[in-house]
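Single-structure report; data block below.
The values are calculated or read from the model by the stated rules, or taken from the named source; none is laboratory data. Just so we're clear, the structure is a prediction, and the values are computed from it rather than from any experiment. A quick note on method: Cβ atoms are made from the backbone with ideal geometry, for glycine too, and the neighbour counts reach across all protein chains shown.
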Amino acid sequence: MREIKFRAWLPEYKKMVFLYSWNLWQEYFMCSEYDSEFYVRENIIMQYTGIEDLKGKEIYEGDILSNDEECYKVVFENGSYRAEIEEYSLDLIDVAHCCEIVGNIYENPELLGD
C-alpha cells in the first residue's frame, strides 16, 4: 500500500514544507518548519506519488524530473500521475526509474523553460 504524504508551497514565505498534521474540518495544516497553522486555501498542497526517482528520492506532484535530455513536470491528470512536457505526457511509473528530481515548479520554474 502506498504511503500517503503531503507537502505544501507557502507563497507568503516562498518555501516548500512537509505537512505533519492536517485538520480537514477546519481546513488547516501544520508543518515542522513553522510553529503555526496554515490554511489550505491560502497555500498549494501536493501529494506524494508513491513513486521514487532513480536515486530513491520520493516524487511529489509539482516536481521536475530530468533524464539529461528532457525535463518533465509531475502532474495528477485523469486519475493518474503523469510526467508531462509541452508536446505530451507519459505515465510517471514509466519514466521515474530513469529520471531524477532536479527541482519543482515553484522554486525552479526556469528548468521547464517557461
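Quick rundown of the values:
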| read-out | value |
| --- | --- |
| Lone unmet requirement of (1) free of Cβ contacts under 8 Å to residues at least 40 places away in the same chain; (2) touching a Leu at 6+ places or on another chain (Cβ under 6 Å); (3) within 23 Å of R2 (Cα to Cα) for G103 | (1) |
| Filter result (of a type outside the set (G, A, S) and surrounded by 13 or more Cβ atoms within 10 Å (Cβ to Cβ)) within the stretch 7-26 | R7, W9, L10, K15, M16, V17, F18, L19, W22 |
| Positions within the stretch 1-22 being under 17 Å from Q47 (Cβ atoms) and either of a type in the set (G, A, S) or assigned to a strand (DSSP E or B) (or both), in sequence order | F6, R7, A8, W9, L10, M16, V17, F18, L19, Y20, S21, W22 |
| Residue check for I4: touching a residue at least 40 places away in the same chain (Cβ under 8 Å) and out of contact with any Asp or Glu (no Cβ under 8 Å at 6 or more places or on another chain) | yes |
| Hits in the stretch 29-65 (condition: part of a strand (DSSP E or B) and surrounded by fewer than 14 Cβ atoms within 10 Å (Cβ to Cβ)) | Y34, D35, S36, E37, Y39 |
| Filter result for F76 (at pLDDT below 95 and either over 20 Å from G113 (Cα atoms) or exposed (fewer than 12 other Cβ atoms within 10 Å of the Cβ) (or both)) | no |
| Any hit, the stretch 81-93, residues being at pLDDT 95 or above and outside any strand (DSSP E or B) | yes |
| Residue selected from the stretch 37-72 under the condition of a type in the set (D, E) and touching a strand residue (DSSP E or B) at 6+ places or on another chain (Cβ under 7 Å), by the criterion nearest to N23 (Cα to Cα) | E37 |
| Subset tally (residues that are touching a residue at least 24 places away in the same chain (Cβ under 8 Å), over 14 Å from I105 (Cβ atoms) and among the polar types (S, T, N, Q)) for the stretch 36-93 | 4 |
